[in-house]
Amino acid sequence: MMRDVYLGCLTERMEEDPRVLVLGADLMHSDGTATLQDIFPRRVVNVGVQEAHMVSMAAGLAAVGKIPLAHTFACFHARRSLDQAYISAAYARLPVKLIGTDPGITAAFNGATHMPLEDMGIMRSVPEMIVVEPTDPELLRSLLPQIIYASQPVYMRLYRKEVPAVHPVGTEAVLGRGIVLRDGSDASILASGLMVAEALAAAHALRQQGLQVRVVDMFTLKPLDRRLVYQCAVETGAIVTAENHSVINGLGAAVAETLADLMPVPLERVGVQDRFGEVGSPDFLMQRFHMTAGDIVGAVRRVLGRKRRLT
């Protein structure tokens, strides 16, 4: 599971660097960080159900040279402790690391109140905040040291359970740079998180129909890889975005802004369409919010229709 990989990588880093600390808001059994308390009893703190205080504490620790990682559900980081993330961390230019678990529809049976469909958008509006969503265990292994030692505050979405593996062992990733997983010339799908696997499945289905579609893992929402977005626009002339998030202020919005600035081409956005979350399994919710590989196929066909009308 992603949680196990995260804990393994974090344990190694904490053994090597005594500055690395872990804070939790009474969800440490849920995210697995409770296991670290036995190993590092003076460097792992459960602050209780007070997320805003946790982020303020993390900022204070960062101010004296520590590297704090503050953990809670993604919905609570985005909604309950935003002011502390904005003022205490970002405005003060302190490199606090905010780890938000159960992103998007993976909140599942916790339902609408706990389903963060807006967290990435909220965090990308915070000046100097890096916003990242590792796609699978290999990407997480590569990115975590960069996240921990980033000189800016970071918000990272973390999937706790099993996710599809899309990156080969030994993948080397760089924050702020997307990865082309599959090349193609007819259109590009720029995806993040759970939707990367759906994008690959969609590209495979479209290939059976004679279409060559590029798939890009755009795991860093901020800073967005604008050069790669531009390259996809120039070389394929049509783009679809796919995200486990609202289409408002998320990946689709960031790509749309970049295309408007640099290279306008037809764009379709797959994601949650300005709705609250619901109770259900991730598979059910993927269908409910029209986020499946089949929905991506439909979006590609629509965007190609608009591309043809322009040529």
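Roughly what angle does helix 2-16 make with the longest principal axis of the chain, taking Cα atoms, 0 to 90 degrees, to the nearest 10?
50 degrees
How big is the charge dipole of the chain about its Cα centre, in debye rounded to the nearest 20, if each Lys and Arg gets +1 on its Cβ and each Asp and Glu gets -1 on its Cβ?
So the magnitude is around 660 debye.
Could you work out how far helix 251-262 tilts from the main Cα principal axis of the chain, as a 0 to 90 degree angle to the nearest 10?
60 degrees
Would you check the chain for Lys pairs whose C-alpha atoms are within less than 27 Å, ignoring same-chain pairs closer than 8 in sequence, and give me the count?
5
Taking Cα centroids, how far is region 238-311 from region 161-229 in Å?
About 14 Å separates the Cα centre of region 238-311 from the one of region 161-229.
Under a crude label model (7 Å from the Cα following the beta-carbon direction), how far is GLU172 from ALA52 in nanometres?
Once both label points are built, they end up 4.5 nm from each other.
Please order SER192, SER30 by the number of other Cβ within 10 Å, starting at the fewest. Provide the component values of the computation, followed by the final result.
Working: SER192 30, SER30 16.
Listed from fewest to most nearby Cβ atoms, that is SER30, SER192.
Sorted by packing (mean other beta-carbon atoms within 10 Å per residue), highest first, where do 282-292, 250-260 land?
250-260, 282-292
Can you list residues whose amide H is under 5 Å from VAL240's amide H, if they're 5+ apart or on another chain and H is modeled 1.01 Å from N?
Those lying under 5 Å, H to H, from VAL240 are SER188, ILE189, LEU190, GLU268.
By how many degrees, between 0 and 90 and to the nearest 10, does the Cα long axis of helix 226-236 differ from the longest principal axis of the chain?
The two axes meet at around 20 degrees.
With labels modelled as points extended 7 Å from the Cα through the Cβ direction, what inter-label distance (nm, one decimal) is found for GLN209 paired with ALA260?
Between GLN209 and ALA260, the simple spin-label model gives 2.9 nm.
Show me, for region 241-247, the HN-Hα J-couplings you get by feeding each phi into the Karplus relation (A = 6.51, B = -1.76, C = 1.60, θ = phi - 60°), rounded to Hz, glycine and proline as x.
So the J values, rounded to whole Hz, are 9, 9, 8, 8, 5, 4, 6.
Tell me the relative contact order for the chain as a rounded percent, counting alpha carbon contacts under 8 Å between residues six or more apart. Could you put the intermediate results ahead of the total?
Numbers: 688 pairs, mean separation 50.3, N = 311.
That works out to 16 percent.
A short reminder: the numbers here are calculations on the coordinates, not readings from a lab. Everything quoted here is computed from the prediction, not taken from an experiment. Here the Cβ is made from the backbone with ideal geometry for all residues, glycine too, and neighbour counts use every protein chain on show.
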